[in-house]
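To keep things clear, I will list the structure first and then write my remarks on it.
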2 protein chains.
Amino acid sequence: MRPSISQCFALLVVVLLLPLASADEPRSTAAVMEALQESDWREPDPANLLFMTLASGTVIMELTPAFAPNSIANIKTLIDAAYFDGLAIIRSQDNYVIQWADPDAQEENAKSLGSAKETVPAEFERSMDGIDIVSIDSRDAYADIVGFANGFPAASDGQNVWLAHCYGMVGVSRDNGAETGNGTSLYVITGHAPRHLDRNVTLIGRVISGIELLSVLPRGTGTLGFYESADEATPIMSIRLGSELDEAERARIEIMRTDTAAFADYVMSRTYRHEEWFVEPTGRIELCNINPPVRIIH
Amino acid sequence: MRPSISQCFALLVVVLLLPLASADEPRSTAAVMEALQESDWREPDPANLLFMTLASGTVIMELTPAFAPNSIANIKTLIDAAYFDGLAIIRSQDNYVIQWADPDAQEENAKSLGSAKETVPAEFERSMDGIDIVSIDSRDAYADIVGFANGFPAASDGQNVWLAHCYGMVGVSRDNGAETGNGTSLYVITGHAPRHLDRNVTLIGRVISGIELLSVLPRGTGTLGFYESADEATPIMSIRLGSELDEAERARIEIMRTDTAAFADYVMSRTYRHEEWFVEPTGRIELCNINPPVRIIH
């Protein structure tokens, strides 16, 4: 028996829909991760990796000079002069930040900045020329466009682009003036993303390993979580750039690229939660709930 | 000299604009807080306060039976039987949750549930009948309407309302089945709001004091931040309801009401940041960045 026209048409529709159905098939994050290729990972430039050694272990941060060239250059000058070695984490404010600095910065025995600059211009946002933001489909409370730029969470108004204060982001502490930060005192976000700080502070990068050494530090009981006595502070043994370290002595770090089809799949797997545990798959995502995976080969 | 028509018009415009200018006048959070009246605060029902005693201090949570009547009734039955006394915090996952439970729940020596129920129906969302959500002006990634209901962060689709997984929210741990939680194991959010959990778990309340005792707990190195050995766990000395405690022996707690003009002012002061430090006042706000102030009189 020959098929009717409508049967033919139905078959055609099924055949045409097949690729779509396959693309829409629920994929768990585990399935997406398993399918990753080597080319879906990037190895950050060691000159942009910052290794902070504490008694409890090592915190590794990635810097992104495309967003804060002057601040980062100044910080590298400070690192070259071992400025941070022997300073301390002087603040831990619950659901907000930890911060380090020279505890004697305001005293006569303040550590010398050497050849580093006393003040650095604010680098709160930059033009979109020469930088791509891979936007995600999210209704964001703080910006019209959000996504990832150079692998970092970023936001944009269509003209300028800026880094977003997600968990683990590293920024330059400052006083009231916009130009008062110079990189001698840095902070790390250890709570719910305080996105109202976006475009109010210079962000320089993100913690990619060891954040749990910072986020568990006892909260300071002084104003804004500052410690009230010097012995509550956590000493910083050293801060070094990855490029200063022997390749053999540092971990090999890879971060998932954010400009690939695989990353888009990853974001979808975080948007539609198909793990068995989920009753309601959500279908929504917020920028700071996407954390590009990091793998570290020791 | 008589004023010209255009001068008259200019004066009229200025006079008409005056009230607007006054209403729009920048107010800092400090100024809003200073102007609060006694009626802007509420004293939570002691029967809905949960006092958890750890070696490091006391964590106080407020329960909201309007959202999870059955789960909370079961938890109160467990508290009456001192079920939680001697259990432990067995999980601390960075940027996510801490969780407590009977470490031997799966063993032969599991603590008896007494007259508490083995399973409790899921209470993931409820009808809007009989509950008001005071919405805030925010573009939320996860829900069409967000605001506060009964003083707690909540979201809605216009038909149902549910509690939102903001920092400090307390929920009922469960296995894969929606009905598998019974309140014997509870969790507290200690990281960036995992709002994809909304409508996937029963939330019962929020930590209103002492969250910093939970958020600093060393992260577990097992899967999902579970501790790998019993001696890493933090013992829970006791959990009691406020109504069980002598009024003299417990702190007097007050929380800012969320259904007042003063709270609307407070939200505006968090939306437009007029503190001297801010360069860009933002003009935007996200639900979980609004934390109703708590005052505790010891």
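The values are calculated or read from the model by the stated rules, or taken from the named source; none is laboratory data. Bear in mind the structure is a predicted one, so any value in this text is a computation, not a measurement. For neighbour counting, all protein chains shown are included, and Cβ atoms are generated from backbone atoms with ideal geometry for every residue, glycine included.
Details
- Flag for B:Arg139 being at the interface with chain A (Cβ under 10 Å from one of its Cβ atoms) and either within 20 Å of A:Gly283 (Cα to Cα) or free of Cβ contacts under 8 Å to residues at least 24 places away in the same chain (or both): yes
- Among the residues of the stretch A:242-261, those identified as crowded, with 18+ Cβ neighbours inside 10 Å and either at positive phi or not charged (D, E, K, R) (or both) are A:Gly242, A:Ile253, A:Ile255, A:Met256, A:Thr258.
- Meets criteria (surrounded by fewer than 24 Cβ atoms within 10 Å (Cβ to Cβ), free of Cβ contacts under 8 Å to residues at least 12 places away in the same chain and closer than 23 Å to A:Ile72 by Cα) for A:Gly151: no
- Qualifying residue in the stretch A:265-286 (condition: of a type in the set (Lys, Arg), away from chain B (no Cβ under 13 Å) and under 23 Å from A:Pro153 (Cβ atoms)): no
- If the condition is being acidic (Asp, Glu), in a helix (DSSP H, G or I) and at pLDDT 95 or above, then the stretch A:5-50 contributes A:Glu34, A:Glu38, A:Asp40.
- Identity of the residue in the stretch B:195-216, at the interface with chain A (Cβ under 7 Å from one of its Cβ atoms) and of a type in the set (A, V, I, L, M), that ends up surrounded by the most Cβ atoms within 10 Å (Cβ to Cβ): B:Ile211
- Within the stretch A:221-234, residues that are free of Cβ contacts under 8 Å to residues at least 12 places away in the same chain reach partners that are surrounded by 12 or more Cβ atoms within 10 Å (Cβ to Cβ) with beta carbons closer than 8 Å, at six or more positions or on different chains, in the pairs A:Thr221/A:Tyr227; A:Glu228/A:Gly220; A:Glu228/A:Thr221; A:Glu228/A:Gly222.
- Checked against (1) over 30 Å from A:Thr260 (Cβ atoms); (2) in a strand (DSSP E or B), A:Gly147 passes all but a single condition, namely (1).
Table: residues versus (1) within 30 Å of A:Gly147 (Cβ to Cβ); (2) among the hydroxyl-bearing types (Ser, Thr, Tyr).
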{"residue": "B:Pro65", "(1), (2)": "no, no"}
{"residue": "B:Ala81", "(1), (2)": "no, no"}
{"residue": "B:Ser92", "(1), (2)": "no, yes"}
{"residue": "B:Ala105", "(1), (2)": "no, no"}
{"residue": "B:Asn160", "(1), (2)": "no, no"}
{"residue": "B:Cys166", "(1), (2)": "yes, no"}
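- Evaluating B:Asp175 against the criteria (1) at the interface with chain A (Cβ under 10 Å from one of its Cβ atoms); (2) within 20 Å of the chain's Cα centre (by Cα); (3) part of a loop (DSSP other than H, G, I, E, B); (4) surrounded by fewer than 21 Cβ atoms within 10 Å (Cβ to Cβ) leaves one unmet condition, (2).
- Qualifying residue in the stretch B:224-238 (condition: on the phi > 0 side of the Ramachandran plot and either charged (D, E, K, R) or surrounded by fewer than 18 Cβ atoms within 10 Å (Cβ to Cβ) (or both)): yes
- From A:Asn176, A:Asn200, residue being farther than 13 Å from A:Val97 by Cα and at pLDDT below 95: A:Asn176
- B:Val188 part of a strand (DSSP E or B), touching a residue at least 12 places away in the same chain (Cβ under 8 Å) and over 24 Å from A:Ser215 (Cα atoms): no
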